[in-house]
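Heads up, the thing below is written out as structure tokens.
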Amino acid sequence: MMEEVKEVTSFLSIHGQNIKVSEVMQDGDALTFLIVSQKLSGTGEYHVGRTWDDFEWLQQHLFSREDVPGIQGVIFPPLPAKAPVNASAKVMKQLGFLALEDWRPYCKALETFLRQVAAHSILSKNKAVEGFLTSSEPTGRQKARKNIFNRLSQAVDGMRKEGHKDVDEFFQTERDHNLILTGCTKTAAEKFLDVVLTEQKIAVAYGHFAASLHLCVEAGEDPNKQAFSRVCVKLSEVFDSMKKNMASVAENNVSTLGLGLDLESRYQEAEKEMLFRRICKLVEVENARRNAEKAKPVKKTAMEEVKKAAETEFEHISEVAKLEIARFEGARVEMLQRALVQWCEKQLLTAKESADRFNQHLQVFRGMA
């Protein structure tokens with residue numbers, strides 16, 4: 001997964017790449033996720049419980065640190081959408097692979113988010129990250145909600161700037177590539193999810209057929225009926241093995257390539273958001289330049305200062321963005337490669353185990369013949 005990048009631990013008291021979201025605790029409609037982090041010094045672990053709103057607060061808090069030069073050029077680790085209990089079909093579709101089976105895929109996605117934050121050279125410096133992972137104190141969720149509305153109003157205003165031409169060919173090319181990749185990765189994840197859902201339906205059908213074969217078993221001393229009953233029982237065992245095989249194949253698809261495609265899709269969206277923030281800042285710079293050119297002598301100095309400040313901030317954003325894109329490109333290739341390798345390894349192992357079971361069934365049938 002994408003968390004397999006060079007670890008940054010100098011700013012944290014825990015091993016960033018060993019962070020675990022080990023379980024989820026449900027109290028009515030409220031979900032609390034248990035985060036386990038290993039201490040850097042000596043033995044021991046931190047155990048803290050966080051809700052999804054806490055995760056959202058952390059993400060918004062990291063984003064709102066505008067005092068950090070170039071912060072808007074960061075490709076922020078994507079936080080999965082909130083997974084409410086008894087979610088609607090629309091929400092389940094939005095979550096995709098993270099809504100399947102139990103809570104393991106979703107916990108893995110939250111775990112990846114935290115590992116990415118802990119491994120980031122800029123984000124891991126924020127003291128809130130340390131507190132989030134080690135302190136039992138509650139987070140400042142109320143403040144986060146206020147920031148969310150501020151960001152929402154800015155996003156609505158910025159939608160008008162989405163088609164603005166970039167002055168830097170590197171970033172314009174990256175925007176064009178990202179637009180294509182965002183659509184392709186989303187489609188690939190959706191199609192692969194359809195495959196998994198079909199496999200799960202087939203596994204259920206195998207299970208139903210295995211159970212129905214037991215209805216054909218008849219009691220009595222008639223040799224023909226006894227022979228037929230034995231065949232039905234053995235066939236039931238075969239179909240039960242087929243059910244387990246198909247369920248394992250589906251589970252392997254989710255835990256490897258499925259989560260890999262899901263993360264890739266959400267990261268492409270995160271890069272898209274970063275590139276959009278940068279283009280909004282470019283529009284701001286261009287407006288500041290025009291205002292400075294048209295300013296009357298009385299306001300000329302003030303407008304020049306505004307222009308210079310905007311240009312400086314834009315340069316910081318662009319510098320950070322180029323580094324982020326380079327890091328992202330290397331990490332995403334490694335992530336997809338790792339997901340594909342794990343997918344093949346797990347499916348080969350499942351195939352070998354299933355072949356052994358089916359061979360045993362075959363030998364039994366041969367003996368019966």
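The values are calculated or read from the model by the stated rules, or taken from the named source; none is laboratory data. None of the values given here were measured: they were computed from a predicted structure. Virtual Cβ from ideal backbone geometry, glycine too; neighbours counted across all protein chains shown.
A residue that is under 27 Å from the mean Cα position of the chain (by Cα), part of a helix (DSSP H, G or I), of a type in the set (D, E) and surrounded by fewer than 17 Cβ atoms within 10 Å (Cβ to Cβ) occurs nowhere in the stretch 220-238. Pairs linking a residue in the stretch 118-143 that is over 12 Å from H47 (Cα atoms) and assigned by TED's automatic domain parsing to the domain that holds I19 to a residue that is at pLDDT below 90 and of a type in the set (D, E, K, R), with Cβ atoms under 6 Å and 6 or more positions apart or on different chains, are A119/E7. Within the stretch 103-119, the only residue that satisfies the criterion of being among the basic types (K, R) and under 11 Å from the mean Cα position of the chain (by Cα) is K108.
Scanning the stretch 322-369 for residues that are in contact with a Gly (Cβ under 7 Å, 6 or more places away or on another chain) and among the aliphatic types (A, V, I, L, M) yields M335, L336, A339.
Okay, residues lined up against (1) closer than 20 Å to A109 by Cβ; (2) in contact with a Lys or Arg (Cβ under 7 Å, 6 or more places away or on another chain):
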| residue | (1), (2) |
| --- | --- |
| A189 | yes, no |
| P223 | no, no |
| F228 | no, no |
| V238 | no, no |
| L259 | yes, yes |
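Here A288, A250, A302 are screened, and the one residue that is part of a helix (DSSP H, G or I), among the aliphatic types (A, V, I, L, M), farther than 25 Å from E190 by Cα and touching an Asp or Glu at 6+ places or on another chain (Cβ under 8 Å) is A288.
On inspection, A339 qualifies as among the small types (G, A, S), in a helix (DSSP H, G or I) and either under 28 Å from L95 (Cα atoms) or in contact (Cβ under 8 Å) with a residue 60 or more places away in the chain (or both).
Count of the stretch 330-341 residues, restricted to those that are farther than 10 Å from G260 by Cα and buried (at least 17 other Cβ atoms within 10 Å of the Cβ), is 1.
Any residue in the stretch 267-280 that is more than 19 Å from D176 (Cβ to Cβ) and either surrounded by 13 or more Cβ atoms within 10 Å (Cβ to Cβ) or not assigned by TED's automatic domain parsing to the domain that holds T185 (or both)? Checking the stretch 267-280: not a single residue is more than 19 Å from D176 (Cβ to Cβ) and either surrounded by 13 or more Cβ atoms within 10 Å (Cβ to Cβ) or not assigned by TED's automatic domain parsing to the domain that holds T185 (or both).
Going through (1) at pLDDT below 90; (2) more than 23 Å from F328 (Cβ to Cβ) one by one, E162 falls short only on (2).
Taking V196, is it farther than 30 Å from S318 by Cβ and either under 21 Å from the mean Cα position of the chain (by Cα) or assigned to a helix (DSSP H, G or I) (or both)? Here the answer is yes, as V196 does meet what is asked. Considered as a group, the residues in the stretch 32-53 that are of a type in the set (A, V, I, L, M, F, W, C) and without any contact (Cβ under 8 Å) to a residue 60 or more places away in the chain include one that is farthest from P138 (Cα to Cα), and that residue is L40. Cβ-Cβ distances below 6 Å connect the following pairs, each with a first residue in the stretch 350-361 that is over 12 Å from M246 (Cα atoms) and assigned by TED's automatic domain parsing to the domain that holds M246, a second residue that is β-branched (V, I, T) and surrounded by 15 or more Cβ atoms within 10 Å (Cβ to Cβ), and a separation of six or more residues or different chains: H361/V238. Contact map, the stretch 54-70: residues that are surrounded by fewer than 17 Cβ atoms within 10 Å (Cβ to Cβ) paired with residues that are assigned to a loop (DSSP other than H, G, I, E, B), Cβ distance under 8 Å, separation 6+ or inter-chain. Pairs shown: R65/N126; V68/I122.
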